[in-house]
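So the structure is just underneath, and the comments pick up after that.
The values are calculated or read from the model by the stated rules, or taken from the named source; none is laboratory data. Source: prediction; values computed, not measured. Because the Cβ atoms are built from the backbone with ideal geometry, glycine has one as well, and the counts that use them run over all protein chains shown. The protein model used for the area step is the full one, side chains on, heavy atoms only, and it has no ligands, DNA or RNA in it. Shrake-Rupley method; radii C 1.70, N 1.55, O 1.52, S 1.80 Å.
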Amino acid sequence: MMIHTSKNLCKLPAGTVVKGKWHRHSYKIVKSLGQGANGVVYLAQGGTGLVALKISDNSSAIISEVNVLRRFSEVQGVALGPCLLDVDDWFHPYINRTVSFYVMEYIKGEDFLSFIHKKGKEWIAILMLQLLGDLEKLHAAGWVFGDLKPENLIVSGSVPRVRLVDVGGTTLRGRAIKEFTEFFDRGYWGMGSRKAEPSYDLFAVAMIMINACYPNRFEKKGNEKEQLRAAILSNSYLKKYEKVLLRAIEGQYDAADEMKKDLIQLIHQSSSRQGKRVENKQKHSRKKKRLLETAFLVIFVLFAYILYLYAQIL
Amino acid sequence: MRKGTLRQILLITDGCSNHGEDPIAMAALAKEQGITINVIGVLDQDIIDENGLREIEGIALSGGGVSQVVYAKQLSQTVQMVTRKAMTQTLQGVVNQELKQILGSHASFEDLPPEKRSEVMEVVEELGETVNLEVLILVDTSGSMKTKLPTVKEALFDLSLSLNARLGNNRFSIFVFPGKRGDADKVLDWTPKLEAISTVFPKLTSGGITPTGPAIREALHHFNKKRSLRSLLSDDDPYIEESM
Ligand SMILES: Nc1ncnc2c1ncn2[C@@H]1O[C@H](COP(=O)(O)OP(=O)(O)OP(=O)(O)O)[C@@H](O)[C@H]1O
C-alpha cells in the first residue's frame, strides 16, 4: 500500500446520505465496494435502486473518468463499462471540504480471481474470449482500456459474463497510458512502450491468464521474456495456450479479434484432445466389461457342465 | 493557447536537510520562476522522522507541486504518478488563470458545474499529452540514500518510459547532492533519453551532509543558465529545432 501523507478520505459509515450540490440527488451509503488510488467506491441506495458511487477529493480524476464513461455511452449497442448515472459535488462533513463524486450502474457479481477459484480453471479462457470481444469494440471506438487487471473485471449474471469496471486508465489511442499496474504493464516487463495501442491491452490479457494460475503474482528478475515463458511452460493449464500467450506478450497481435480467433482454436484443440481421452477410456472400460462377461459365461457353462456330469455319475 | 514548456524539479530524498538555506524558501523561489517542485520521500521501514515528513510536504506545497512518501519498492509507480499529477495540476492552474480572465476573478475549476468541468478537463488532458516537459531530477545521495540508488535508477528509467509515450517532447537532467566540491553535482545534462544514467549512477559516492536548500538553488541556476544561453544563440524556439 502507498502511504498517503495528506489526502486521506476517511471511509463513510453506512447510512450516510450523500446529496449532490448541483443536481440535488441523494444517495444513501450501504457499504464500501473497494478502494483504489483514486478514491473509494461505495454501494449506495439511489432513488431508483442500488447504484455504485465513486468519491474522490481529486476532482480532475473524477471528471476524467466521467468523460470516458460518457463517451462509452455514445458507443451504440454495447456496454463497455458501467453506465454513468450522475456527476456532482458534495460537502464532506468529516473532512470539511467539497469532494467530487459520480454515480454509475452497480455491477453485481464477483471479481475475476474469486470466480475462477470457485468455478474452475476451464472458465479462464471462456471469460477471456468475452473480454477480447469487448476490447475489440473498445479499440474500434478509439480507446485503450489501460489498467486491465483481475480486480477491474467483475463476473456478473446467472449466465456468467465478464464486465469491465474502473476506467481510470482508459486512454485515447495514440496517447500515453494514464494509469497502469506493474504486473500487467508491458513497460514494466520490458516488452514495449506505454503508448495506448490495442497490443498494450492484449499484453495485459495474457498477464491476467498468467495471474489466474499464479495467484500470488511475481516480480521481474532480469531476462523478463524468458521468465514469462518459463512461467507459462511450467503450468499445465497455461502450457495449452502457450502459442497465443507468447504472441500477445511479444506484441504480435494488432487486434483483439486476432487473439480471440487463436484462443478459440486452442480451446477446441485442447477440449477435443481431452474429449478423445475420455472416449478412449470409455472404449477401454467397455472392452473390459465384454471380456468380463465372456469369462463369466464360460465359467457358468463350465459349471453347468460339471453339474451335469456329476448328475450323470450319480 | 500557445504550447509552452512545463518545468519541474523532482526531488528524491529520504530525510531532513541539515545544511544551508531553508529548502522551503528555495521552493518558493522556484515557484516564482514558474518551476514546480515535486518531492518523493523514500522510506526504509515504517518509521519516518516527523521533521523529515514536514519538510517533504512543505517543499512540495511551497513549490506548487505534489509530494508522496513511499517504500523504495513502489518508487517506479510513484515517480511517474507524481510527475503526471503535478503536470495536470500545473496545467489546471494555467487553465484556471484563463478562466478567471474570461469568467471573472472568482471562477476556478472546482466552482464550475460538472458539465463545464468536463470540457475543461478535456483541454487539460490534451495539453498534458502534447506540452513539452523539462524535468530536473535532484537525487539525495547522502547517508542511507546510497543503498536505494539502484531502485532510484530503475524508477527513472520507468519515468522516461511513461513520459516518452506522450506526444510532447521531454528533456531530463540529473543532479545529485551533496556534490564532490559544491552543493550539488550535475551528472547528466539535458537529454531526451534517461538511458544514459546507467553509466553515471554506479560512480556516485555519498557524503554526510544533506544540503537540500542549496541543491534546489543549484537546480534553478541550471534551468536559468540554459535559457539565457539559448536566447543568446537563437531567437526561435530551440525546442522544436532540437527535437527534430
Ligand atoms: N460499477 C461498479 N459496480 C460494482 N463494483 C464496482 C464498480 N466500480 C468499482 N467497483 C469495485 O470497487 C473497486 C475499486 O474501484 P476502482 O478500481 O474504480 O477504484 P480506483 O481508485 O480507480 O482503484 P485503482 O487503484 O485500482 O485504479 C473495484 O475493484 C471494484 O471491485
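Some points to look at:
- Hits in the range A:22-44 - residues which are open to solvent by 70 Å² or more (accessible area, probe 1.4 Å) and more than 14 Å from the ligand (Cβ to nearest atom): A:Trp22, A:Arg24, A:His25, A:Lys28
- Tally, over the range B:30-74, of residues that are polar (S, T, N, Q) and over 21 Å from B:Lys148 (Cα atoms): 3
- Inside the range A:62-81, residues that are at pLDDT 90 or above and open to solvent by less than 40 Å² (accessible area, probe 1.4 Å) make up a count of 8.
- Within the range B:94-132, the residues that satisfy the criterion of being assigned to a loop (DSSP other than H, G, I, E, B) and either within 9 Å of chain A (Cβ to nearest Cβ) or over 30 Å from A:Arg173 (Cβ atoms) (or both) are B:Gly104, B:Ser105, B:His106, B:Ala107, B:Ser108, B:Pro113.
- Residue pairs meeting the criteria (Cβ under 9 Å; at least 6 apart or on separate chains; first without any contact (Cβ under 8 Å) to a residue 12 or more places away in the chain, in the range B:126-149; second part of a helix (DSSP H, G or I)): B:Thr147/B:Ala72
- Qualifying positions in the range B:175-186 - open to solvent by 40 Å² or more (accessible area, probe 1.4 Å) and within 12 Å of B:Ile137 (Cβ to Cβ): B:Lys186
- Residue identified as under 17 Å from the mean Cα position of the chain (by Cα) and either away from the ligand (no atom under 14 Å from the Cβ) or among the charged types (D, E, K, R) (or both) among A:Lys195, A:Lys137: A:Lys137
- Enumerated helices (runs of 4 or more DSSP H) restricted to the range A:37-142, each holding at least 3 residues that are among the β-branched types (Val, Ile, Thr): A:59-73
- Failed item in (1) open to solvent by 10 Å² or more (accessible area, probe 1.4 Å); (2) away from chain B (no Cβ under 14 Å); (3) more than 10 Å from the ligand (Cβ to nearest atom), with A:Ile107 passing the rest: (3)
- Residue within the range A:82-101 that is open to solvent by less than 20 Å² (accessible area, probe 1.4 Å) and away from chain B (no Cβ under 14 Å) present: yes
- Residue count, the range B:133-152 (criterion: open to solvent by 10 Å² or more (accessible area, probe 1.4 Å) and within 14 Å of chain A (Cβ to nearest Cβ)): 2
- Residue tally, condition in contact (Cβ under 8 Å) with a residue 40 or more places away in the chain and farther than 12 Å from A:Val144 by Cβ, over the range A:190-199: 2
- Among residues of the range A:45-57, those that are surrounded by 16 or more Cβ atoms within 10 Å (Cβ to Cβ) and within 11 Å of the ligand (Cβ to nearest atom), counted: 6
- Residues in the range A:176-192 that are more than 16 Å from the ligand (Cβ to nearest atom), buried (at least 22 other Cβ atoms within 10 Å of the Cβ) and among the aliphatic types (A, V, I, L, M): A:Ala176 only.
- If the condition is being part of a loop (DSSP other than H, G, I, E, B), of a type outside the set (A, V, I, L, M), within 15 Å of the ligand (Cβ to nearest atom) and open to solvent by 10 Å² or more (accessible area, probe 1.4 Å), then the range A:143-175 contributes A:Lys149, A:Gly157, A:Asp166.
- Tally, over the range B:13-58, of residues that are within 23 Å of B:Asn224 (Cβ to Cβ), over 14 Å from the mean Cα position of the chain (by Cα) and within 14 Å of another protein chain (Cβ to nearest Cβ): 0
- A count restricted to the range B:33-65 and to residues that are surrounded by fewer than 23 Cβ atoms within 10 Å (Cβ to Cβ), not in a strand (DSSP E or B) and not acidic (Asp, Glu) stands at 13.
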